[in-house]
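Values in this text are rule-based calculations from the coordinates and carry no lab data. Predicted model, so just to flag it, every value in this text is computed and none were measured. When we count neighbours, we look across all protein chains shown, and the Cβ atoms used for this are built from the backbone with ideal geometry, even at glycine.
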Amino acid sequence: MNLRRDVFQAIADPTRRTILLLLATQSMTAGVIASNFDTARPTVSKHLQILTECELIKQEQQGREIYYQLNADKMKEVADFLEPFRKLWDDRFNQLEQVMKSYQLKY
């Protein structure tokens with residue numbers, strides 16, 4: 001399996017997470033995205049390629065420019081996968097809170 005196509009491998013990289021945050025509000029060209037980083041544009045292009053392969057972002061041609069935008073459907077898949085873990089941790093913190101409250105009442 002190609003690791004670059006693994007969504008979780010892709011979002012493990014801090015630069016790619018930043019790119020996703022940048023695209024959360026608006027579409028951008030590779031040049032605009034690259035201007036937010038202190039790295040060479042080919043490096044940012046590689047990150048964009050990986051995110052595109054994972055379908056976390058989509059490309060749209062507008063004239064001579066290619067705009068990148070967040071793929072909300074794929075991001076929802078990631079969120080849906082994480083939801084049971086979020087619930088698990090919420091339940092554990094609620095249990096801890098109850099233990100702490102009962103401990104405070106005793107002393």
Legend entry - Segment residue 82-residue 103, length gained on full extension (0.36 nm per residue, minus Cα span): 4.4 nm
Legend entry - Answer label for Kirkwood radius over Cα pairs in Å (calculated), chosen among (1) 16.1; (2) 13.8; (3) 15.0: (1)
Legend entry - Cα-based shape type of region 21-66, given that a ≥ b ≥ c are square roots of the gyration tensor eigenvalues and the cut on a/c is 1.5: rounded
Legend entry - the chain: most fluctuating residue of 22, 56, 70 per GNM, C-alpha cutoff 10 Å: 22
Inset, instruction - Compute the length gained on full extension between residue 96 and residue 22: take 0.36 nm times their separation in residues and subtract their Cα-Cα distance, giving the result in nm to one decimal. - result: 23.0 nm
Inset, instruction - Report the FRET efficiency, 1/(1 + (r/R0)^6), for residue 69 and residue 41, where r is their Cβ-Cβ distance and R0 is 22 Å, rounded to 0.05. - result: 0.70
Inset, instruction - Counting other beta carbons within 10 Å of each Cβ, put 67, 103 in order, fewest first. - result: 103, 67
Inset, instruction - Once you've got the GNM for the chain with C-alpha springs shorter than 10 Å, pick whichever of 86, 64, 16 has the biggest mean-square fluctuation. - result: 64
